[in-house]
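Working notes, structure below.
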Amino acid sequence: MKVLLVEDETDLGASIQRKLNQERYIVDWILDGNEAWTCLESHWSEYTLAIFDWLLPGISGLELCKRLRVRGNCLPVLMLTAKDSMKDKVAGLDAGADDYLVKPFGMAELLARLRALQRRSPHFQSPQLQVGSLILDYSNFTFSCEYSNGDKRVISLTKKEFHLLEYFMKRPNTLVTRDQLLNHLYTFSAERVSNVVAAQIRLLRRKLSESGCDSLIETVPSMGYRFNPSNADSTFS
């Protein structure tokens with residue numbers, strides 16, 4: 001899951017990003033409201049959740065919420081603020097925030113509120129993603145496949161491998177470009193080596209080969225990749 005964090009307090013932002021990374025979220029951390037809106041205009045569909053501070057340089061978190069909702073965007077938003085009056089809370093919720101967390105707060109509460117937002121979201125993610133005989137399990141970051149004879153093989157995935165396979169499984173038989181994969185797997189601030197996607201695909205295929213599924217991800221020359229679940233059928237037949 002990918003989170004957009006907009007927080008200009010560097011110590012707090014770094015703490016939140018570190019904690020979310022530990023929980024296997026991918027986090028884009030932005031310190032400025034104007035930059036955040038530019039990001040949302042072009043990349044909002046890549047995010048599962050957003051965390052906005054109320055007071056930001058440029059556009060405020062409140063205004064970011066308003067702009068999203070005016071456009072009919074239902075991205076779940078958690079608002080962070082030191083404003084704790086009832087009037088302020090109502091203003092934040094009326095602007096389109098889905099939840100409101102007053103500073104200072106504990107990271108355990110932040111994580112609990114994010115989980116609650118995910119459950120209430122219309123795009124709620126079930127504990128497993130299944131495509132045919134292929135199952136991706138969010139609770140333990142594993143991939144499993146079931147053979148026609150009833151046997152089942154489970155392999156553990158790294159965070160990058162899991163998010164990469166998740167992206168493919170949500171888009172079966174769809175051409176996926178290198179740039180799309182880069183934007184999904186890496187934050188804007190991360191150093192992006194030119195061959196990093198190809199290298200990650202190679203590692204994932206090697207891991208999938210443990211279950212005889214190395215042919216699931218097809219290379220489309222000069223264009224990108226395609227996840228073809230039908231290639232699993234011959235493996236399991």
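Every number here is computed from the coordinates shown, using simple stated rules; none is lab data. Please read all numbers here as calculations on a predicted model, not as lab measurements. Don't worry about glycine lacking a Cβ; one is built from the backbone with ideal geometry, like all the others, and counts go over all protein chains shown.
How far is helix 86-95 tilted off the main Cα axis of the chain, in degrees rounded to 10, range 0 to 90? That helix lies at roughly 50 degrees to the long axis.
Size check on the chain: the Cα extents along the three principal axes, sorted descending, read 63, 37, 32 Å. Pairs of Lys residues in the chain that lie 8 or more places apart, or on two chains, and have C-alpha atoms under 24 angstrom apart add up to 26. Residues of segment 4-44 with an amide N closer than 11 Å to a point placed 7 Å from the Cα of Glu63 along the Cα-to-Cβ direction: 33-35, 37. In segment 12-52, Rg over Rh equals 0.97, where Rg is the alpha-carbon radius of gyration and Rh the Kirkwood radius from pairwise Cα distances.
Across segment 1-64, the mean sequence separation of Cα contacts (distance under 8 Å, 6 or more residues apart), normalised by length, yields a relative contact order of 44 percent.
Think of each Lys and Arg Cβ as +1 and each Asp and Glu Cβ as -1; about the Cα centre, that makes the dipole of the chain roughly 420 debye.
Taking label positions 7 Å along the Cα-Cβ direction at both Ala198 and Gln130, the computed distance is 3.8 nm, reported to one decimal. Estimated purely from DSSP H runs of n ≥ 4, each contributing -39500 (n - 2.57), the mean residue ellipticity at 222 nm for the chain is -12000 deg cm²/dmol once divided by its residues.
Between Arg115 and Asp11, the simple label model (points 7 Å from Cα in the Cβ direction) yields a spacing of 2.8 nm. Please state the shape class of segment 1-85: rounded when a/c is under 1.5, otherwise prolate if a/b exceeds b/c and oblate if not, all from the C-alpha gyration tensor. The shape class here is oblate. For segment 199-229, list residues with backbone N below 14 Å from a point placed 7 Å from the Cα of Asp151 toward its Cβ? Counting only backbone N, you get 210-213. Other residues within the sphere of radius under 10 Å centred on the Cβ of His163, judged by their own Cβ, net out at +2 (K and R +1, D and E -1). Against the chain, whose longest principal axis comes from its Cα atoms, helix 61-70 is set at around 60 degrees. Each Cα pair under 8 Å and six or more residues apart adds its separation to the average, and for segment 68-185 the resulting relative contact order is 14 percent. Using only Cα atoms, tell me the angle between helix 33-43 and the longest principal axis of the chain; keep it within 0 to 90° and round to the nearest 10. Between helix and principal axis, roughly 30 degrees. Computed on the chain, with alpha-carbon pairs under 8 angstrom and 6+ residues apart, the relative contact order is 14 percent.
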